[in-house]
Amino acid sequence: MTRRYWLGALAAFAWLATAPLAAAQQWPVSETRLDNGLQVIVREDHRAPVVVSQIWYRVGSSYEHSPITGVSHVLEHMMFKGTESLAPGEFSRIVAREGGRENAFTGRDYTAYFQQLSADRLETSFRLEAERMHRLRLDEGAFAKELQVVIEERRLRIEDQPLSAFGERFNTIAYPVSPYRQPIIGWPADLQSLRLDDLATWYERWYTPANATLVVVGDVDPQHVFDLAREHFGPVPGGEAPAPRHEPTLSAPGERRFEARDDRADVPHVIVGYQVPSAATAGYAADVYALEVLATVLDGGDGARLPQRLVRDREIAAGVSAGYSSTSRLETRFTLEGSPTSGTAPEALERALREEVAALREEPVSDEALARARNQLLADHLFQLDSMFYQAMRIGRLETTGIGWEWLKGYEDGIRAVTAADIQRVARAYLTPERLTVGILRPGEQDGVDSDKSEER
């Protein structure tokens, strides 16, 4: 996860001094499983009379295949278009009438739906979600309209955005066999050929209680939540959770390069990405914590290595970042990227990024840099846990990726235990040419100057 915002040293230390009160180790969490297989997790938080309810299905774009890529996202849209007893849009109108808000999102590993309501309106959420879990009405006319909405969304967010289009193409090279190479929104040709029957089949296969996790965070009593869940979700036919197909892995496919030109791009852009384990795939949990801290050493605010060395000291990058997302069900990526300053060739920025990686492999980070990164990462994490919605998000994502919400119990201690030797070890193990993909986006030729021949600093 990219750490782009800086809390300030004093604020971070002040927060950490009181952080144990909010730490996940202290969370009261209760869970049960209904007879039909639905997992129910309740996190009590009595600071305000509100509740967040999220239903997570273990299916997303990484479960898809051609020619139906994008089907999870399109189905998410159709979940708001009516059920056997709810008219199109009625779900949202009921939630709004109750003073709440609701929405949904699709990722690589999950599709999730949520409501935020007054705590005494939780039953409304359960009644509505249970209804569309097994009584969705898929109408051909509504599907045709919503499919065009998704196609337009793809055009606006991907095809008309040079960096987004470049990142999408980069993924196909960075993930040579992994289904993470597929865009969440789907490939254009697949969207054009998608049929209503494809959605119906997808819905019947994956939208079952046994393939879902219900997460509730707020001012609630766990036993009351369990009783409500049994009342509303208990009658939904269960069955067994379908197993995703076996995904091939290729952890070290060798160094790959990808270059693209786009006349709409204003400046060049460089991505240096390494294939690394996630918390779900790592054989050693300490590696994951070390990779998180390493990302923050590189990009944890203005004092981190990349902005300090490449933006301010050497002035070869106009902007630069690093990122690592540990909560994925398959192997993921550790990425450094940025845009060079005017007059700097993208190859020069690539070399500088790779030099920073080499420095991490060759010598330990300083005690000061390590402490700053650990404190920044923990402050970020604990501030976010102050949000009920974020608590539910963390629990739901950890469960649907196969990591398990208990990961949160050891997270803070795991980050605090990271040493400079750990960072050097994971840099040597994972940030290697065999795991590397380099992508360079170049603007079209401007004013007769070829960017390949621009001055290198």
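The values are calculated or read from the model by the stated rules, or taken from the named source; none is laboratory data. No experiment lies behind these values; they were computed from the predicted model shown. Counting neighbours? That spans all protein chains shown, and the Cβs are built from the backbone with ideal geometry, glycine included.
Among residues of region 39-89 being of a type in the set (D, E, K, R) and within 21 Å of the chain's Cα centre (by Cα), the one that is farthest from residue 186 (Cα to Cα) is 58.
In region 78-106, the qualifying residues are those that are aliphatic (A, V, I, L, M) and in contact (Cβ under 8 Å) with a residue 40 or more places away in the chain, and the one that is surrounded by the most Cβ atoms within 10 Å (Cβ to Cβ) is 78. For region 111-131, which residues satisfy the criterion of being surrounded by fewer than 19 Cβ atoms within 10 Å (Cβ to Cβ) and within 23 Å of the chain's Cα centre (by Cα)? Matches in region 111-131: none.
If you check residue 236 against the conditions, is it out of contact with any Leu (no Cβ under 7 Å at 6 or more places or on another chain), in contact (Cβ under 8 Å) with a residue 40 or more places away in the chain, over 20 Å from residue 63 (Cβ atoms) and part of a loop (DSSP other than H, G, I, E, B)? Working first, answer last.
Details: out of contact with any Leu (no Cβ under 7 Å at 6 or more places or on another chain): yes; in contact (Cβ under 8 Å) with a residue 40 or more places away in the chain: yes; over 20 Å from residue 63 (Cβ atoms): yes; part of a loop (DSSP other than H, G, I, E, B): yes.
For residue 236, the condition - out of contact with any Leu (no Cβ under 7 Å at 6 or more places or on another chain), in contact (Cβ under 8 Å) with a residue 40 or more places away in the chain, over 20 Å from residue 63 (Cβ atoms) and part of a loop (DSSP other than H, G, I, E, B) - is met.
Within region 334-349, being surrounded by fewer than 22 Cβ atoms within 10 Å (Cβ to Cβ) and out of contact with any Lys or Arg (no Cβ under 7 Å at 6 or more places or on another chain) holds for 339, 341, 342, 343, 345, 347.
Look at region 32-43 and say how many of its residues are touching a residue at least 24 places away in the same chain (Cβ under 8 Å), within 20 Å of residue 238 (Cα to Cα) and part of a strand (DSSP E or B). Of the residues in that region, 4 qualify.
To keep it simple, each residue is scored yes or no on (1) closer than 30 Å to residue 46 by Cα; (2) at pLDDT 95 or above; (3) in contact with an Asp or Glu (Cβ under 6 Å, 6 or more places away or on another chain).
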residue: 355; (1), (2), (3): no, yes, no
residue: 359; (1), (2), (3): no, yes, no
residue: 365; (1), (2), (3): no, yes, no
residue: 371; (1), (2), (3): no, yes, no
residue: 382; (1), (2), (3): yes, no, no
residue: 389; (1), (2), (3): yes, yes, no
residue: 394; (1), (2), (3): yes, yes, no
residue: 397; (1), (2), (3): yes, yes, no
residue: 415; (1), (2), (3): yes, yes, no
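When region 308-333 is filtered for residues that are of a type outside the set (Gly, Ala, Ser) and surrounded by 23 or more Cβ atoms within 10 Å (Cβ to Cβ), the ones remaining, listed by number, are 310, 320, 324, 329, 332. Reported count of residues in region 132-152, each being without any contact (Cβ under 8 Å) to a residue 40 or more places away in the chain and under 25 Å from the mean Cα position of the chain (by Cα), is 1.
Assess whether residue 364 counts as being within 30 Å of residue 266 (Cβ to Cβ) and not hydroxyl-bearing (Ser, Thr, Tyr).
Details: within 30 Å of residue 266 (Cβ to Cβ): no; not hydroxyl-bearing (Ser, Thr, Tyr): yes.
No: the conditions fail for residue 364.
Filtered by the rule that a residue be more than 28 Å from the chain's Cα centre (by Cα) and either under 26 Å from residue 49 (Cα atoms) or modelled with pLDDT under 85 (or both), region 235-248 gives a lone residue, 239.
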